[in-house]
Structure formats: C-alpha cells, structure tokens
Amino acid sequence: MQQPVADEVERLLALAARSRDPLAAGDARLEAVAELLRRGDGVRARTLLDELAQSMLSERQRARHALLGARLDLDAGDARRALARLRAVPATVEGSDAALQVELALARAEVHEALGRHLDGARERTTAHPWLADDTARRDNARAILAALAATDMHTLERTSADATSEDWRGWLELALVVRDTRRTPGEQVAELARWEQRYALIAALRSAADLLPAIRKRIRQPGRVALLLPLSGDAAAGGLAVLHGYLAEHLRQLDAGDAPPPVAIIDTSSMAGGFVTAYAGAVADGAEFVIGPLLKEDMAAFGPTLPVAVPTLALNFSDSPPPDGRLYSFGLDALDEADQLADAAHQRGLRQVVLLSDDSEPARRQAQRFRERRRALGDEDVADSLVLGDLNAFRGDFERTLLLEGSRRRSAALAGLLSRQLVTETRRRQDLQLLVMFANPVAARSLRPLVSFLQAGDLPLWAASQAHAARPSRRDDRDLEAVRFLDAPWFSAAEQPLREDLAVGVPAGGLQRLAALGVDACRLQSRSGLLEWMNALGLSGATGELVLDARRQLHRRLYWYAFGGGRVTAEHARGPLVAPAGHAASLSTEGETSWNTTPAMPPARQP
C-alpha cells in the first residue's frame, strides 16, 4: 500500500537510519530533502541538507546536494549563491547521468533568469530540451525558451544569432527575432515565419519550436476597422498631430509593402461635443473593432460603468486606477520606466554608491523617487545623496558637500600650517562614489555636466534619462554633455531611420518625435495585440522601446542606450534598418471604398 505523502519524509529518514550502505542512506536523505522542497517546507529541508556530511557522499550525490541547495537558495532569493553551488558541480558528473544533467541545466536556467541573465537561461534550456521525454515538459520548456529570449534585448539577440554555431540554437534565436520585431509589416512577419519553418521545422531539436507557429500566426491579425481618437485641435493639438503623423506614416509604409491595413477613422476628440466619451461611443457604434486613444490622462477616467470598454482599446496614457477590463491596454511614454531601467542597470553592474542629480521639475522628482524605490526593491542601499538643481550656486555648494571637497581643502590648509609654508595642492573628492544619475532637461543637463567635471567628479560615469536628449542635433550645445550615457527610444537609432526621415517635415525635431514614435507603435500593435499577452507577456520590439505587458495590462518600455561624444549622439549596439519595401502608395486615403464618416486631419508629410 502506498505511503501517505505526510509520512513520506519520515519513511525515507527511517530507511536512511536503518541502512548499512552509506550511499543508500545518502540517497534516502537527499530524497527526503527533495520531498520537503516539493511540500514547500524550506526550513526543514535546509536543516536536513546542512546535516548531510558531503564527505560521505559520492560525486553524483554531491551534485544532487548542490542542486537541492541551489533550489533552496533560489526560494530564499539568493540566486548568486545558487549559481555558485551549481557551477561547482564537475562536468564529469553531469556527463555520466543524463537525467541529472537535465535537472542541473534547468536549475541553472532558473537561476540565470532570476539574475536577469535571460539569454544564458535560454541557452541552458535549449541544452536540456532534446533530453526531455515528456510532451508536456517539452511544450513548457519551449515556451520558457521563447519567453527568456523575449526578455533579451534585440541587438543582443541579433549579435548572438549571427555568431551561433549550433543550428538549433540559431533557430530559436531567429524565431524570437521574427516574432518580436514589429518593424516588419504583418504580412512580412507571416512570410518570415514561413521561411523559418521551411528552414528549421525538420530539425528534431526544433520541433517544439515549430509546434508554436500556428499559435503565433493566429495572434498576428489586423482588425476589420480602427478608430484613432486624438486631440487634434486646442491646447493638446501639437501632441495629437504628432501621434497622428506617426500612425499614418506606418500605415502608409504597410501599404507600400503590399499589406492591406484596415480602414481607420480619425476623430478629433477636442472639437467634438462631449469630448472623448462621445467620440468613443460613436466609434464603437460605427463598427470600430479596435480603438486607439485617449491620449490625455484626464480622459482615462471616462472608462467605467457609464463608458464600458466595448472593443479592444489601446489607450495612449495611463490611469492611476485602470478598470478591470481585459480589453483595455495602457501604453505611453512613462518616464518612470526609465528610472526603473537605470536602477536595474546600476544593480546589475554592482554600482552601489550613487548620487542623483535632478532639475526642479515634478517629473524629475518623481523619477528620482522611483529610482530610490526600485533600488530598495532590489535590496540595494539608498543613494548616497539626491540633489535638486534650483539655484546653480546653491546646487554647487550642495554638490561640494556631497563630494566632501571642503574636507580636502581643510586638510591641505592644515598641512600648510603645520609646515609653515605655502603648498600647491589639488582638491580631491571622496573616492567611494561609483555613479552619477541625472534626471534633467537638456538646458539643466548642459549646466550640470560641466559642473560635475569642474568639481573633480568628471571621472565618474554619468547616466541620464531621455529628457537630457533634446532630440534636436546641435554639436555646439551637445558638446557640454560629453560622455553622458542616456536612455532613449529606438526611434532615434538606425533601426528606425527610414521612417523617421519620412516624418522629418511633418514632425519637427525635438520632443514631439517621441510622440510620433508612439503613433508608429500604435499602428504596429493593432495587429499584434494577441501577441502581447501570449507566452508570459512576450516582449515586442517597437519604435518607443521593447514592450512588455504587466498584470494590469500596462505596457512598459525598455529603452536603448545612447552616448554623447564630440557633440554627436551615438546609439550603443545599434540595430540596422530593415530593407525598405519598394513602391509608394497612390493615395493618402485609408478608407478605400468604405463609407465611414470621419473628421479630416492633416496627413503626414512624405518625402519624394
């Protein structure tokens, strides 16, 4: 008769106590630890594992000991210790036992993913994949591989794919690139999936990947009709028109490529009686299957019992309390995502002593606060100081105190007094600081960077959020930002250059370019909303960033790194542009022969 689960640990421990064979006793105790782990009793499992004398274990048992210890470390949030345990397992032990090899590879994958090393996690999973005998395990592992590759930045995927020597590893990488890259039109993306299938589907190690293709294709689908609800007049017209230009530029690019994007109704919410509420209800009544808008935060409050989310809707802003509706996605240029990404990058590089430099705007203050909150969530200590630029002279005094320059001056004066002679000395700053992070607009940033160098801190790395970049090339002004690394949208890299040049006349250089990129992504996402929630928020690569959906159905962006040098901006690890499709659209109309009342709006300017 099978033992009840509750008695299994005691049975195994009793078996170990009775056994005269040390190896058999060790196996029983290790299995008892594994059983406790399955039951979630980490405390007792840790105690039993620590009591096992490794000197009495075989090499294989020591490997299993390391595996169980790593799982306990991972449950306790100590992924680094878990990785150290797994790395200590000799390769000769792994090679002698296929089942153990699979367990260790999957454990290393989990640890790498917990450390944010998603590419390493995916590589470990592909190593284990051919050895998985169970169909369910293979299916789950295939999804986990693609999810890990979805969390890796696109330029790293491209570089790794180009260097891959294993055909099955290259196949996984290429599949992730095809699925995630929204620069391809929906038609081009489906064609690329067909080419991938023709090349890789017969490779045994990639059959699980090929099995995912029907689900992927099913989720790339244009809606029948789209309504674009924007403020195209009044105070917010500049932003609304920038989004409109970006949307229509991408729409026309898809037409040029031979795709058939859906008809779109362009509705000015500012000029309509009843504003966004009336515009949304009217668009749905007229047959819209997908709505883009609102752009303004105050309009987000309209959703609720009186205005239900009737069709899939991509809002271009965020609500503090979004309605619990599965059809509403929130997407915008959230500056707090940048603060999170900067904090994550500092944590991953082990930069613990950080000073924040901010202008006196409310957005910059929120970013600085979010940076500190994110550091605490990562287990890092608080920043060394957080300084706000109001009056430049007062800021200089505060920064000097943070750098402990006055102490250096006093020590020099004391030494000169002791020696009774005048000395030529150099003021030195404190040496424990590792990083400066700046949340400042272009004008403030151009004041802060020279001051940092003047106060003996020019050797410290200086990172910034996107607002430091004016998005308006000026070698004279940008020389003041020399060596500043900053985050910004992929829109400003070579990856999006062809479309960005098409918009050069319609959307002037500057901050409005980021809103144009928002419009571009809105057009791209309308045919891929099904991919957003699939496979654990598969990260799609867009013009505004690499996009991931959270549990509240809000899209978060991972931005690219850029650097100022010689008055120019350079994208680090930039991706190249896709080959532009040939041909031009014959008309700016998006309606074809569909009869649908819309509010006229300015078309985007096109380059000849």
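The values are calculated or read from the model by the stated rules, or taken from the named source; none is laboratory data. None of the values given here were measured: they were computed from a predicted structure. All Cβ positions, even for glycine, are placed from backbone atoms using ideal geometry, and neighbour counts span all protein chains on display. Calculation scope for accessible area: heavy atoms of the full protein, side chains included, ligands and nucleic acids excluded. Shrake-Rupley method; radii C 1.70, N 1.55, O 1.52, S 1.80 Å.
In terms of modelled amide H atoms, which long-range or inter-chain residues lie less than 5 Å from the amide H of residue 540?
Counting only residues 5 or more places away or on other chains, the set is 547.
Per 0.36 nm of contour for each residue apart, how much would the distance between residue 475 and residue 349 grow if the chain were fully extended, relative to their Cα-Cα spacing?
42.3 nm
Calculate for the chain the 222 nm mean residue ellipticity that helices alone would give, adding -39,500 (n - 2.57) per DSSP H run of length 4 or more and normalising by residue count, nearest 500 deg cm²/dmol.
On the way: 26 runs with 298 residues, N = 608.
So the calculated ellipticity at 222 nm is -15000 deg cm²/dmol.
Please report, to two decimal places, log10 I(q)/I(0) for the range 189-346 at q = 0.18 Å⁻¹ as given by the Debye formula with identical point scatterers on the Cα atoms and no solvent.
Once normalised to I(0) and log-transformed, intensities are -1.11.
Could you give each residue of the range 223-228 its phi-based ³J(HN,Hα) in whole Hz, using Karplus coefficients 6.51, -1.76, 1.60 with θ = phi - 60°, and x for Gly or Pro?
After applying 6.51 cos²θ - 1.76 cosθ + 1.60, I find x, x, 9, 10, 10, 10 Hz.
Can you compute the charge dipole magnitude of the range 162-216 about its Cα centre, using +1 on each Lys and Arg Cβ and -1 on each Asp and Glu Cβ, nothing else charged? Give it in debye, rounded to the nearest 20.
It works out to roughly 100 debye.
Would you work out which of 539, 566, 549 lies farthest towards the positive end of the dipole of the range 496-572, given +1 charges on the beta-carbon of Lys and Arg and -1 on that of Asp and Glu, about the Cα centre?
After comparing all options, I get 549.
Please compute the length gained on full extension between residue 91 and residue 378, using 0.36 nm multiplied by the number of residues separating them and subtracting their Cα-Cα distance.
Full extension from residue 91 to residue 378 adds 100.1 nm.
Using alpha carbons only, what's the Rg to Rh ratio of the range 1-93 with Rh from Kirkwood?
0.98
Pulled fully out, how much extra length does the chain show between residue 428 and residue 307, if you take 0.36 nm times their separation in residues and subtract their Cα-Cα distance?
37.3 nm
As an exercise, use a Förster radius of 22 Å and the Cβ-Cβ distance of residue 443 and residue 505 to find the FRET efficiency, rounded to the nearest 0.05.
Taking R0 as 22 Å, the efficiency between residue 443 and residue 505 is 0.25.
Provide the per residue accessible area, probe 1.4 Å, for the chain, rounded to a whole number of square angstrom.
I get 45 Å² per residue for this part.
If the only charges are +1 at each Lys and Arg Cβ and -1 at each Asp and Glu Cβ, what is the size of the charge dipole of the chain around the Cα centre, to the nearest 20 debye?
Details: 75 positive and 81 negative charges, 271 e Å.
That gives the chain a dipole magnitude of about 1300 debye.
Rounded, prolate or oblate: which fits the range 83-146, taking a ≥ b ≥ c as square roots of the Cα gyration tensor eigenvalues, rounded meaning a/c under 1.5, else prolate when a/b beats b/c?
Taking the square roots of the gyration eigenvalues as a ≥ b ≥ c, the range 83-146 is oblate.
Dipole magnitude of the range 292-386 about its Cα centre, charges +1 at Lys/Arg Cβ and -1 at Asp/Glu Cβ only, in debye to the nearest 20?
240 debye
By its C-alpha gyration tensor, with a ≥ b ≥ c as the square roots of the eigenvalues, how is the range 253-347 shaped: rounded for a/c under 1.5, else prolate for a/b larger than b/c, else oblate?
The shape class here is oblate.
Dimensions of the range 134-194 along principal axes (Cα, Å, largest first)?
36, 26, 21
Can you give the accessible area of residue 38, probe radius 1.4 Å, in Å² rounded to 10?
Surface accessible to solvent at residue 38 totals approximately 150 Å².
Based on the Kirkwood radius over alpha-carbon pairs, what value in µm²/s does the Stokes-Einstein equation return for the translational diffusion coefficient of the chain at 20 °C and 1.002 mPa s?
The Stokes-Einstein estimate is 78 µm²/s.
Within the chain, what percent of beta bridges assigned by DSSP are antiparallel, to the nearest 5?
Antiparallel bridges make up about 30 percent of those DSSP assigns within the chain.
Ignoring ligands and nucleic acids, what accessible area does residue 35 show with a 1.4 Å probe (Å², nearest 10)?
20 Å²
For the chain, what does the relative contact order come out to in percent, with C-alpha contacts under 8 Å and a separation of six or more? If you can, show how the numbers build up before the last one.
Values: 963 pairs, mean separation 85.2, N = 608.
Answer for the chain is 14 percent.
Between residue 265 and residues 5 or more places away or on another chain, which pairs have amide H atoms under 5 Å apart, with H built 1.01 Å from N, and which residues are they?
226, 227, 228
Taking a 1.4 Å probe, which of 129, 573 shows the most accessible area, and what order do the others take after it? Can you show the working numbers first?
Numbers: 129 10, 573 115 Å².
Ranked list, largest accessible area first: 573, 129.
Which whole-number percentage describes the relative contact order of the range 269-336, with Cα contacts under 8 Å and a sequence gap of 6 or more?
Reported relative contact order: 26 percent.
Using +1 at the Cβ of each Lys and Arg and -1 at the Cβ of each Asp and Glu in the chain, identify which of 437, 74, 171 lies farthest towards the dipole's positive end.
It is 437, whose Cα lies furthest towards the positive end.
In the chain, if the dipole is taken from +1 on Lys/Arg beta carbons and -1 on Asp/Glu beta carbons about the Cα centre, which of 515, 30, 248 is farthest to the positive end?
In the chain, that residue is 30.
Between the range 248-276 and the range 119-175, what is the separation of their alpha carbon centroids in Å?
Measuring centre to centre over Cα atoms gives 37 Å.
Residues with amide H under 5 Å of residue 386's amide H, sequence separation 5 or more or different chain, H placed in the peptide plane at 1.01 Å from N; which?
HN-HN under 5 Å from residue 386: 356.
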